[in-house]
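Visitor: Just dropping this structure here.
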Amino acid sequence: MPKVVVIYLSTSGNTKKMADAIAEGARSRNVDAETVNFHEARIEDIKAADAIAIGSSTFYYKMLPPMEKFIESLEKAKVADKVGAAFGSYGWSGEAPVMIAEKMRDLGMKVIDPVLRIQYEPTEKDIEECKRLGKDLAAKVKKTTEKPGSGSTKHEDAGVREVKMGEGGH
Ligand SMILES: Cc1cc2nc3c(=O)[nH]c(=O)nc-3n(C[C@H](O)[C@H](O)[C@H](O)COP(=O)(O)O)c2cc1C
């Protein structure tokens, strides 16, 4: 089963709520998805993942330095060509997710555009958007991990189309 790992930095839980919803969305599309605080992220899990979503809230117009270092350290995990997504809660300027996406691209990852930003605590509607991003990630991962000739079912094809239509909506 394709694997998605959702890594976050969250000081008061807002970005964590987004992370949990992204993982839930991915699982609803039958991929393996787990949520992990960036402090606890293990290199083996990152190496084993087909897609990596990274989220951070914004502080003083950027992401916090430990998260920046963490993302740079991902070069060791050979993340190039993996699917990526960036997200985060913010208050008024919201630079962190944009910076995360940039760094992921520098590492050679295929990052879903645009990033997903939610102001302060996610509402129910925001949580649905986060789930949608998880579904988009699952669809992209299925596409990249699908073996030629393995024959996808009609059901899967329909899921991919539905997700593609939602991609512009973040
Ligand atoms: C000290 C401090 C600095 C902040 N700086 C910014 C900022 O520069 N831009 C912004 O958009 N939000 C800023 N925020 C707001 C947080 O990003 C926002 O509260 C966010 O929801 C926190 O999410 P979290 O619980 O996942 O950490 C700041 C908050 C604090 C407490």
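The values are calculated or read from the model by the stated rules, or taken from the named source; none is laboratory data. Small disclaimer: the values here were computed from a predicted structure and weren't measured. All Cβ positions, glycine included, derive from the backbone under ideal geometry; neighbour counts span all protein chains shown.
Visitor: List the number of the failed condition for Gly84; all other conditions in (1) part of a helix (DSSP H, G or I); (2) buried (at least 17 other Cβ atoms within 10 Å of the Cβ) hold.
Guide: Checking Gly84 against (1) part of a helix (DSSP H, G or I); (2) buried (at least 17 other Cβ atoms within 10 Å of the Cβ), the one that fails is (1).
Visitor: Is it the case that Tyr8 is under 24 Å from Ala138 (Cβ atoms) and in contact with a helix residue (DSSP H, G or I) (Cβ under 9 Å, 6 or more places away or on another chain)?
Guide: Yes: the conditions hold for Tyr8.
Visitor: Please go through the range 37-66 and give me each residue that is farther than 24 Å from Lys143 by Cα, under 15 Å from the mean Cα position of the chain (by Cα) and surrounded by 15 or more Cβ atoms within 10 Å (Cβ to Cβ), ordered by number.
Guide: Once the filter is applied, which keeps residues that are farther than 24 Å from Lys143 by Cα, under 15 Å from the mean Cα position of the chain (by Cα) and surrounded by 15 or more Cβ atoms within 10 Å (Cβ to Cβ), the range 37-66 yields Phe38, Ala41, Ser56, Ser57.
Visitor: Just to be sure before I move on: is Pro97 more than 9 Å from the ligand (Cβ to nearest atom), within 19 Å of Thr15 (Cα to Cα), modelled with pLDDT of 95 or more and in contact with a His (Cβ under 6 Å, 6 or more places away or on another chain) in the structure I sent?
Guide: Judged against the criteria, Pro97 is not a match.
Visitor: I need every pair where a residue in the range 85-96 that is of a type in the set (Ser, Thr, Tyr) has its Cβ under 7 Å from the Cβ of a residue that is surrounded by fewer than 17 Cβ atoms within 10 Å (Cβ to Cβ), sequence separation at least 6 or different chains.
Guide: Ser89/Tyr120; Tyr90/Gln119; Ser93/Tyr61
Visitor: Moving on. Looking only at residues in the range 11-64 that are modelled with pLDDT under 95 and among the acidic types (Asp, Glu), which one is farthest from the ligand (Cβ to nearest atom)?
Guide: Only one residue tops the list, namely Glu44.
Visitor: Please go through the range 18-40 and give me each residue that is touching a helix residue (DSSP H, G or I) at 6+ places or on another chain (Cβ under 7 Å) and not in a strand (DSSP E or B), ordered by number.
Guide: Hits for the range 18-40 are Met18, Ala21, Ile22, Ala23, Glu24, Gly25, Ala26, Ser28, Arg29, Val31, Phe38.
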